[in-house]
Amino acid sequence: MSGKRLKRKKLHSKLFTKNRLVILNEDTFEETFSLKLTLMNVFVVASIGAILLILITTFIIAFTPLREFIPGYSSSKLKRDATELALKSDSLTTALKKNEAYILSIQKVLNGELEYAKFNKDSILDSTDEIPTQVELEASKKEMELREQVAKEDKKEQAVSTKENKKKSK
């Protein structure tokens, strides 16, 4: 116990003994600057300075355009432009399909492959709309067998749990 106490006292005295920092003019040995410091003061000031430096750097990176240089971050303008271009390209693709269908039908009329009475711009444009295909949603035989097997296992588990509940309640 006393050994630990002596070590603490030595550490305390080293941390809090006052030292003088003196800056002298080398030619005239005139004292330019003098400061009384303790080791604890130096440690506290250095720690606070490091923390402030880290915080300032973090805020500069987080709230300025510098964050765009960090991998993984992209600018909001770039995201907005990409979304806008995706919407434009989608609408241009549908307009192109409609124009191609219209031109093909006009070519058919000019070649004499289609009667003029059947030529209607609205029906041509409607034919370019994509109709979703019907998907078969019926379960296969393997699926039905698996469902039956799972249902049987659930019934067994429920029966076991009800027996355990009855035993606990008695």
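Every number in this text was worked out from the coordinates using simple rules, so none of it is lab data. Here the structure is a predicted model, which is why all the values come from computation and not from measurement. Because the Cβ atoms are built from the backbone with ideal geometry, glycine has one as well, and the counts that use them run over all protein chains shown.
For helix 76-111, what angle does its Cα long axis make with the longest principal axis of the chain, in degrees from 0 to 90 and rounded to 10?
On a 0 to 90 degree scale, this one is about 10.
For region 2-89, state which trypsin sites (Lys or Arg not before Pro) are in a DSSP loop and have at most 11 other beta carbons lying within 10 Å of their beta carbon. Spell out each step's value before the answer.
Working: sites: LYS4, ARG5, LYS7, ARG8, LYS9, LYS10, LYS14, LYS18, ARG20, LYS36, ARG67, LYS77, LYS79, ARG80, LYS88; in loops: LYS18.
Hits after loop and neighbour filter: LYS18.
Taking amide H atoms as placed 1.01 Å from N in the peptide plane, list the residues 5 or more away in sequence, or in a different chain, whose amide H sits under 5 Å from that of THR38.
For THR38, whose amide H was placed from the backbone, the distant partners under 5 Å are ASN19.
Taking 8 Å as the Cα distance limit and 6 or more residues as the minimum spacing, I'd like the relative contact order of the chain as a percentage.
9
Under 29 Å from the Cα of LYS18, which lysines turn up, not counting those fewer than eight places away in the same chain?
LYS4, LYS7, LYS9, LYS10, LYS36
I'd like the Karplus ³J(HN,Hα) series for region 31-38: coefficients 6.51, -1.76, 1.60, θ = phi - 60°, whole numbers in Hz, and an x wherever there's a Gly or Pro.
My calculation for region 31-38 gives 6, 8, 8, 9, 8, 8, 9, 10 Hz in order.
Can you list which of the GluC sites (Glu not before Pro) found in region 28-85 are DSSP loop residues with at most 14 other C-beta atoms within 10 Å?
Listed in order of number, the matching sites are GLU30.
Around LEU78, under 12 Å between beta carbons, what's the net of Lys plus Arg minus Asp minus Glu among the other residues?
Local net charge: 0.
State the Kirkwood hydrodynamic radius of region 2-69 in Å, one decimal place, computed from all pairs of distinct Cα atoms.
Values: mean 1/r = 0.0630 Å⁻¹.
After inverting the pairwise mean of 1/r, the radius is 15.9 Å.
Any lysines with Cα under 19 Å of the LYS163 Cα? List them, leaving off those in the same chain fewer than 8 positions away.
Within reach: LYS152, LYS155.
What do you get for Rg/Rh over the chain if you use C-alpha atoms and the Kirkwood form of Rh?
Rg/Rh for the chain comes to 1.45.
How large is ³J(HN,Hα) for each residue in region 66-72, as worked out from phi by the Karplus curve 6.51 cos²θ - 1.76 cosθ + 1.60 (θ = phi - 60°), to whole Hz, x for Gly and Pro?
Coupling constants for region 66-72: 4, 5, 5, 7, 7, x, x Hz.
Please determine, in degrees from 0 to 90 and to the nearest 10, the orientation of helix 141-169 with respect to the longest principal axis defined by the Cα atoms of the chain, where the helix direction is its Cα long axis.
50
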